[in-house]
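Trainee: This is the structure, below, for whatever I ask next.
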Amino acid sequence: MENDKLTNNEIKKIVENIVQTYKDDSGINFIDAKNLPEREKILEILSHLTELLFPGYTGRRIVSVTNISFIVGDILCNVFDELCEQAERAFRYGCRIKNCDDCNCRTMAENVTQHLLNRLPEIRELLKGDVGAAYDGDPAAQSYEEVVLSYPCITAIATYRIAHELYLKEVPLIPRIMSECAHSKTGIDIHPGARIGKNFFIDHGTGVVIGETSIIGDNVKIYQGTTLGAMSFPKDERGNIIKGGKRHPTIEDNVTIYAEATILGDVIIGKNSVIGGNVWIKESVPPNVTVLTRNAELIFKKNADKTA
C-alpha cells in the first residue's frame, strides 16, 4: 500500500518552494518586521468603540444609570492603550514605506488616539441624526432600537465615522481595516476618506459603493446598489495610475438616489434633486430636478393554457 504521508524530504522541498516565492517581493509578505497593526486587535477596538457609541446595545455589559460612568471610563482606558499600540505600529509601517527615520511614532499614535476619543461626543450626535433619518425614512422601521440593532447602514455609517477621523489624521492601514470589516458585514462599501454630512440614510444597503473623494451633504438618502464611483484613471508616462485628486461625485443636500443608480466622476448632483433607479450619470445635475431613464417597452405574452 502506498504511503499517504509526506516524507521529511518532501516537506523540506515544499517549504523551500514556498519560501522561494517570498524573495524579492513586497506587499503580500512582511518579513523581518514587527510593526504591522493586527487586524483582530483593530476589530476588537472597533467593537469597544461601538459599545461607547451605542451603550447597552451590544449586550456585553449591563448598563445602568449608576454604572454608566464606570463602564465608559473602563472602555476608554482600554481603547486608549490598545489603539495607541496599533496606531504606533501603523505609523512605523508608514515610516518604513517612506524611509523615514526621524518620526516619534509613539507620540503621533497617542495624539491621534486622543483626537478620536475627544471626537466621540460629536460622532454620537451625528449618529443620532443618522438613526433618526433611518427611522423617518423607512416606513417599516418600528423603533430607534430596531434601527440600531438590525439596520446594516448603521453599522456601516458608525464604522465610517470612526475610521474617517483616523483617515483625516493620516493613520496608515487602520481606517481601511475598519471600513472593510463593515463592508464584509453589511455589503456597504464606504471609503473612510469620503466626506458625509448629517442625517445620512442608506436604505437596504447591499451593494452600495461610496468612493474616497465623494462628498455627501446633509439629509441624503440612497438605496441599494448605488455607486458613487470614479471614471477611468489617468496614467503617467510609465503607465502607472496617477493617484490623488477629486475623482468622485459631490451629492448636495436633500438628494435622494434610488436603487442601482451609477454616478461617476467629479460631478455635482444639485440640492433637492432625485436620481431615479438604474440611471447612469457622468455629468453634473442641476438642483431641484428629477433624473429618470425612459421607460422600457413592456411586452405581454399570453401563457399557454395548461388546463386543456
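Trainee: Which value at 222 nm does the chain reach when only helices count, each DSSP H run of 4 or more adding -39,500 (n - 2.57), with the total divided by all residues and rounded to the nearest 500 deg cm²/dmol? Don't skip to the end; give the middle numbers.
Mentor: Details: 7 runs with 129 residues, N = 308.
That calculation yields -14000 deg cm²/dmol at 222 nm.
Trainee: How far is the Cα center of segment 263-291 from the Cα center of segment 164-201, in Å?
Mentor: Spelled out, the Cα-based centre of one part sits 23 Å from the other.
Trainee: Another question, then. Helix 152-168: angle to the longest alpha-carbon principal axis of the chain, degrees 0 to 90, nearest 10?
Mentor: It works out to around 50 degrees.
Trainee: May I ask for the Kirkwood hydrodynamic radius of the chain, worked out over all distinct Cα pairs and given in angstroms to one decimal?
Mentor: About 22.5 Å, per the Kirkwood formula over Cα pairs.
Trainee: Under 10 Å, Cα contacts only: if you run a Gaussian network model on the chain, which one of V79, V63, V291 comes out with the highest mean-square fluctuation?
Mentor: Of the options given, V63 has the highest mean-square fluctuation.
Trainee: Between V285 and residues 5 or more places away or on another chain, which pairs have amide H atoms under 5 Å apart, with H built 1.01 Å from N, and which residues are they?
Mentor: HN-HN under 5 Å from V285: I268, I269, G270.
Trainee: With loop defined by DSSP as not H, G, I, E or B, and exposure as at most 16 other Cβ atoms within 10 Å, which is the longest segment of the chain clear of exposed chymotrypsin sites (Phe, Trp or Tyr not before Pro)?
Mentor: Free of exposed loop sites, the longest segment is 58-299.
Trainee: Can you give me the long-range amide H partners of I216? Hydrogens built in the peptide plane at 1.01 Å from N, cutoff under 5 Å, separation of 5 or more residues or another chain.
Mentor: Amide H neighbours of I216, under 5 Å, 5+ apart: R195, I196, G197, I251.
Trainee: Under a 10 Å cutoff between Cα atoms, tell me which one of S47, S232, S214 has the largest fluctuation in the Gaussian network model of the chain.
Mentor: S232
Trainee: Related question: Taking the chain as the reference, fit the longest principal axis to its C-alpha atoms, fit the long axis of helix 174-186 to the helix C-alpha atoms, and give the angle between the two in degrees, 0 to 90, nearest 10.
Mentor: 50 degrees
Trainee: Which listed residue (P287, G56, I123) has the Cα farthest towards the positive end of the charge dipole for the chain, taking +1 on Lys and Arg C-beta and -1 on Asp and Glu C-beta about the Cα centre?
Mentor: The listed residue farthest towards the positive side: P287.
Trainee: Using a Gaussian network model of the chain whose springs link C-alpha atoms within less than 10 Å, name the residue from S184, S273, S284 with the highest mean-square fluctuation.
Mentor: S184
Trainee: While we're looking at this one, here's another question. What does the net charge come to around V285 if you take all other residues with beta carbon closer than 15 Å to its beta carbon, with K and R at +1 and D and E at -1? Each step should come with its number before you reach the end.
Mentor: On the way: positive: K271, K282; negative: E252, D253, D266, E283.
Here the count lands on -2.
Trainee: Shifting gears a bit: For segment 219-274, state which GluC sites (Glu not before Pro) are in a DSSP loop and have at most 15 other beta carbons lying within 10 Å of their beta carbon.
Mentor: E237
Any read-out appearing in this document is the output of simple, stated calculations on the displayed coordinates, not a laboratory observation. Since we're looking at a predicted model, the values are computed, not measured. Virtual Cβ from ideal backbone geometry, glycine too; neighbours counted across all protein chains shown.
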